[in-house]
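The values are calculated or read from the model by the stated rules, or taken from the named source; none is laboratory data. Just so it is clear, the structure is predicted and the values come from calculations on it, not from any experiment. Cβ coordinates were reconstructed from backbone atoms using ideal geometry, including for glycine residues, and neighbour counts include every protein chain displayed. In case anyone asks, the SASA skips ligands and DNA or RNA and just uses the protein heavy atoms, side chains included. Shrake-Rupley method; radii C 1.70, N 1.55, O 1.52, S 1.80 Å.
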Amino acid sequence: MRATVCLPTYNERENLEPMLLALREVLRDGDRVLVIDDGSPDGTGEIADRLAAELGFVDVLHRERKEGLGPAYLAGFDQALATDAELVLEMDCDFSHDPSDVPRLIAAAEDGADLVLGSRYVAGGGVRNWGLVRLLISRGASIYTGLFLRMGVSDPTGGFKCFRRSVLETIPLDRIDAKGYAFQIETTYRAKRAGFRVVEVPITFADREEGRSKMSRAIVLEAIWRVPLLRVRR
Ligand SMILES: Nc1nc2c(ncn2[C@@H]2O[C@H](COP(=O)(O)OP(=O)(O)O)[C@@H](O)[C@H]2O)c(=O)[nH]1
Ligand SMILES: [Mg+2]
């Protein structure tokens, strides 16, 4: 199955080239990477253009301004679905998601999963180098989400995912306006509710070494109010 990896970037100047070279080692012939850059002031967008010209498997989607991860992914999904990609992946560009795990996500989809989640909180998964605060927020978010949505998913906020195209064609993407972690929760929740098969595969998540996190209080607050709302909204 041909795959497109959507790679959102905002100020990932140090990480983008090593990430694309690492992905080149694990992707198959025909697979592509779509860099979605929101006008990074550090020049990531120009680096992406240069690499797209140098490496045959890379495309770049430039967006004018930073609107959060959700809108960036939605624009990327649109572009990926306009091609013949059968699988569409999400992953961070900061090496928190290990590029060498990509084939395992793809394999799980090829084995029959409709949506594959890279999961830190199933047996065999884990987190490296995260501070206590980040870990508590992440674990707390998983428990909070479980209480309201009962999806049977251990790691609902994770951003390392592989969608079969039918999932993205079925869930109402145009109605998703979440920006941060809530976007990850909502896409999985809508896929589950539509009857798709969601499978978690263990990953080890490592804190970034280069660049800075764009996580903010607003992203956490958004998830807190949006999650209960998902239960009542169609
Ligand atoms: N295009 C785009 N990418 C973003 C935005 N916010 C974060 N990213 C990228 O999304 C990925 C995860 O973001 P990061 O700041 O590491 O979040 P964290 O892992 O939760 O701390 C990285 O590749 C970021 O560059 C955004 O608003 N637009
Ligand atoms: Mg990160």
Residue selected from the stretch 175-206 under the condition under 18 Å from W130 (Cα atoms) and at pLDDT 95 or above, by the criterion nearest to ligand 1 (Cβ to nearest atom): F205
Residues within the stretch 100-120 that are within 16 Å of ligand 1 (Cβ to nearest atom) and either in contact with a Lys or Arg (Cβ under 9 Å, 6 or more places away or on another chain) or open to solvent by 10 Å² or more (accessible area, probe 1.4 Å) (or both), tallied: 4
Residue count for the stretch 178-234, restricted to those that are touching a Gly at 6+ places or on another chain (Cβ under 6 Å), under 15 Å from T145 (Cα atoms) and hydrophobic (A, V, I, L, M, F, W, C): 3
Scope the stretch 189-234; condition surrounded by 14 or more Cβ atoms within 10 Å (Cβ to Cβ) and of a type in the set (S, T, Y); matching residues: Y189, T204
Subset of the stretch 158-187 that is surrounded by fewer than 22 Cβ atoms within 10 Å (Cβ to Cβ) and within 16 Å of ligand 2 (Cβ to nearest atom) - its residue that is farthest from V122 (Cα to Cα): K179
Residues of the stretch 1-20 satisfying the condition of being surrounded by fewer than 22 Cβ atoms within 10 Å (Cβ to Cβ) and free of Cβ contacts under 8 Å to residues at least 40 places away in the same chain: E17
Residue count for the stretch 3-41, restricted to those that are part of a loop (DSSP other than H, G, I, E, B), more than 14 Å from ligand 1 (Cβ to nearest atom) and of a type in the set (D, E, K, R): 3
